[in-house]
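Only the coordinates and a few stated rules stand behind these numbers; no lab work does. Note that the structure is predicted; figures quoted are calculated from it, not measured. Cβ sites come from the backbone with ideal geometry, for glycine too, and all protein chains shown count toward neighbours.
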């Protein structure tokens, strides 16, 4: 303390009985006490700041989880509604026509209509969980999906797949398949496109995919993009992300990515 200039040199050699005899010790005690108090106050303040940041982060994550759960419920409800609509509109009408054919004494026509109903049910089952996805894996299932889509829509589809060797986890394969399937369905319904590009491969240790069309484009927040938030939920469920870029008159680009898992 003397060296630092906090205590006068003479104070250390004050004669006994002097009123300043204990001054160095008092000053030392005060300085040490103030230092300890400042250190303690700084430590408490630092811990309080860390606690507050962690508390805010926890609240943010809870709110995000709540929003995600609500979106998942909404997406599932929308999928159920679409399935119910197809069952009612397509299957219901076909079965009703078969019943009328039987009532009119046309068993052959009724048999044809029942065959159409069976094929429709098979199509719905394939859309929910295509057998090729379970039996052969993601790449054959996607190639089959694109072939059927192109044949049904008349659109030219450029497909580029550079997937890793081996099978991906089932949940990952399902998510990637459904995202591409729903993106193509959105193109068919709304895009008015003449050409579609589908790409899925490995980039920088991640699985990266893209569905791009040259259609009319749309507002992702408008009614034409109602089913698209569900695509984000599929990717979020496997630790990935998805972004949608679309401008009126300039087409749409859906890009998605997820961590590359170990092959199974």
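Taking the highest mean first, how do the peptides 157-163, 209-215 order by number of other beta carbon atoms within 10 angstrom per residue?
Numbers: 157-163: 14.4, 209-215: 21.4.
Sorting 157-163, 209-215 by mean packing, highest first, produces 209-215, 157-163.
Working from the pairwise distances between different alpha carbons, so that the mean of 1/r is found and then inverted, what is region 131-208's Kirkwood radius in Å?
13.1
Using 0.36 nm per residue of separation minus the Cα-Cα distance, give me the extension gain between residue 236 and residue 250 in nm, one decimal.
Numbers: separation 14, 0.36 × 14 = 5.04 nm, distance 2.72 nm.
Working it through step by step, the gained length comes to 2.3 nm.
Going by how many other Cβ atoms sit within 10 Å of their own, how do 168, 91 line up, fewest first? Don't skip to the answer; put the middle values down first.
Working: 168 23, 91 16.
Fewest to most other Cβ atoms nearby, the residues stand as 91, 168.
Tell me, what does the Kirkwood hydrodynamic radius of region 137-264 come to in angstroms if you use every pair of distinct C-alpha atoms?
Working: mean 1/r = 0.0682 Å⁻¹.
For region 137-264, inverting the mean 1/r across all distinct Cα pairs yields 14.7 Å.
At R0 = 35 Å, how high is the FRET efficiency between residue 52 and residue 206 if r is their beta carbon distance? Nearest 0.05 is fine.
0.55
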